[in-house]
Amino acid sequence: MPIAYIAGLLHETNTFLESPTTLADFQGVGSFGRVVRGDALRDPSLATYPVAGMIDTFEQAGWRVAPGVWSATEPGGLVTAKAFDTLAHEIVDTLRRAGPVDCVCLDLHGAMVAENTRDAEGELIARIRALVGPKLPIVAALDLHGNISEASVASASAMVAYRCYPHTDMRETGNRAAHLAMRLYSTSPAWHKRLRRLPFLMPIYRQTTFVEPCRRLYALLEALEQAEGVASLSLLPGFPLADTPFTGPTVLGFGADAGAVDGAVNRLFDAIMACESDFDVQLLDARDGVARAIETSSQGTVLIADVQDNAGGGGTSDTTWVLEELIRQKAGDALLGLMWDPSAAEAAHKAGVGSRIDIALGGHQLPGHHPVKATFDVEQLNSGSFELIGPMSKGLPVDLGKMALLRHGGVRVVVSSVRTQCHDTAYFRRFGLAPEQHAIVVVKSTNHYRADFQPLVSSIVEIEADGACRMNPGRLPYRELPVGTRLYGRGPAFQSPTQVA
């Protein structure tokens, strides 16, 4: 019976943030992180992740699974050297102790940057390759936001990325990774590999597969993979908030037929280049965005996406620009979530339901930001674990610590004690609120909200309010981006480390 070793290490690193991501963050000390070992990788709470798809696929095919260690935490700043080395060492060590295995299947992100390596995934795969030798299949499942290096492709036998953003196909990507590993195990020659790098960055909010152009690009990807007969074809739009020498979109192909692989990669590359102008940056500011939402809310629920305060890209989830505008423009029926402010949640719990509290809400985390100082009514309180219900994370248990529903005029705010993005309606329904029954709903999320919220609303307004998850790469102080890379579709080319458009 062949044996598959399975492990994972996931972090999306925003290198422009000052606060590092520590080992304690991965261990869940006051954060959304977790480290899972051995048979606990089969826990239902991981059912939506690639690791679950890997385990199911191997076992259904009659393989024995050797589960290693899987760890992840919320996107944030540079991963400390201690955190990366500790977790990477444990993966390699558990693989060594597992004895001879027939393949390695990894659940990775692709945009992890540590203090001691700009290419964390590439370094991890290289360490594993050094242990298992040149021929053993190593296959990685990747987030489509991965910034993929040539070194990581050289060390891996194959890679396959998500095809949906929001990421509703994580488990399916794990299935595909396992099938690729089994195919490699049963064939002697190594597959041909092709990485082709796009010459421009894709703003994150333009990467969603729910709208064009990515919707048709990923449909083309699947058609090409089948028609050309390649083993795997992936498009990774990349994570522009990581400043590395390999930041940006890539097309990846793997298969036995070099001509077929190169042909599929080139055709997809050409299709992307043909719609480069669609990857520009056009967003409303907070004032105009809120005004538009209020104006059009008579036609049905309007969703405001506060796209730059997305914890899923390293945002603080506590900026107040949209909240201030809702109050200033007297929005009559608005919900906002999630506002990360443990001190405000604590004050609400001390005061109790029905009380009125004078607090400084949000605006604590980033230089130049400020809180909203006002009187809020404490309408509801909550704490403890509950399950998410949306397509992306259905059944996933979460615990955001002490939570509170606060109201100022016609604006209600869901406050949490743990930082995470608002991508699931459960964060509102936890308080008995049905987002679709309110005039305006504000979510601090870039795109993941679309899976659960988009079917419920009549329109979406994306707002560029200042935050750590910057949508316009032309405003980021890159130092390592390859010279000549266009900063967005048809945008200016990066020329020097001092350039900020």
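Remarks
- Between segment 410-488 and segment 57-102, the C-alpha centres lie 31 angstrom from each other.
- Overall, the accessible surface of the chain at a probe of 1.4 angstrom is composed of carbon and sulfur to the extent of 50 percent.
- Placing dummy labels 7 Å off each Cα toward the beta-carbon, the span from residue 34 to residue 82 is 2.5 nm.
- Probe 1.4 Å - accessible area at residue 399, Å² to nearest ten: 80 Å²
- Heavy-atom accessible area for residue 294, with the other protein chains in place and a 1.4 Å probe, reaches approximately 60 Å².
- Shape category assigned to the chain from the gyration tensor of Cα positions, a/c cut at 1.5: prolate
- Residues whose placed amide H lies under 5 Å from that of residue 74, excluding near-sequence neighbours: 32, 33
- Between the Cα long axis of helix 170-186 and the first principal axis of the chain there is an angle of about 10°, rounded to the nearest 10.
- Each residue of segment 86-94 was assigned a 3J(HN,Hα) from its phi angle through the Karplus expression (A = 6.51, B = -1.76, C = 1.60, θ = phi - 60°), giving 5, 6, 5, 4, 5, 5, 5, 5, 5 Hz with x at Gly and Pro.
- In sequence order, segment 383-398 has phi-based couplings of 6, x, 7, 8, 9, 6, 10, x, x, 7, 10, 3, x, 6, x, 10 Hz under the Karplus curve 6.51 cos²θ - 1.76 cosθ + 1.60, θ = phi - 60°, and Gly or Pro positions carry x.
- FRET efficiency for residue 226 and residue 343, using Cβ-Cβ distance with R0 set to 41 Å, rounded to 0.05: 0.15
- Extension reserve of the residue 287-residue 456 stretch, reckoned as 0.36 nm per residue once the Cα distance is removed: 58.4 nm
- For residue 448, solvent-accessible area (1.4 Å; no DNA, RNA or ligand), Å²: 20 Å²
- Bridgeable lysines around residue 444 (alpha carbons under 23 Å apart, same-chain partners fewer than 8 residues away excluded): 330, 373, 394, 402.
- ³J(HN,Hα) computed for each position of segment 446-460 - Karplus, 6.51 cos²θ - 1.76 cosθ + 1.60, integer Hz, glycine/proline x: 8, 9, 4, 4, 4, 4, 9, 8, 4, x, 9, 10, 8, 7, 10
- Exposure rank, largest accessible area first [400, 283; 1.4 Å]: 283, 400
- Distances between placed amide hydrogens fall under 5 Å for residue 336 paired with 412, 413, 414, 442, all partners being 5 or more residues away or on another chain.
- Entry comment: accessible area of the chain is 36 Å² per residue, from protein heavy atoms only and a probe of 1.4 Å.
- For segment 120-162, the list of trypsin sites (Lys or Arg not before Pro) that fall in a loop by DSSP and count at most 15 other C-beta atoms within 10 angstrom reads 135.
- Whether segment 288-383 is rounded, prolate or oblate, judged on the alpha carbon gyration tensor where a/c under 1.5 counts as rounded: oblate
- Net charge of neighbours whose Cβ lies under 15 Å from the Cβ of residue 153, counting Lys and Arg as +1 and Asp and Glu as -1: 0
- Contact order relative to length of the chain, as percent, for alpha carbon pairs under 8 angstrom and 6 or more apart: 16 percent
- Under 29 Å of direct C-alpha separation, and excluding same-chain neighbours fewer than eight residues apart, residue 193 reaches these lysines: 135.
- Of 63, 321, the order by accessible heavy-atom surface (1.4 Å probe, DNA, RNA and ligands excluded), from most exposed downward, is 321, 63.
- Ranked order, 25, 270 - accessible area, probe 1.4 Å, largest first: 270, 25
The values are calculated or read from the model by the stated rules, or taken from the named source; none is laboratory data. Keep in mind that this is a model prediction, so the values were computed, not measured. With ideal geometry, Cβ positions are generated from the backbone for all residues, glycine too; neighbour counts draw on all protein chains shown. The protein model used for the area step is the full one, side chains on, heavy atoms only, and it has no ligands, DNA or RNA in it. Shrake-Rupley method; radii C 1.70, N 1.55, O 1.52, S 1.80 Å.
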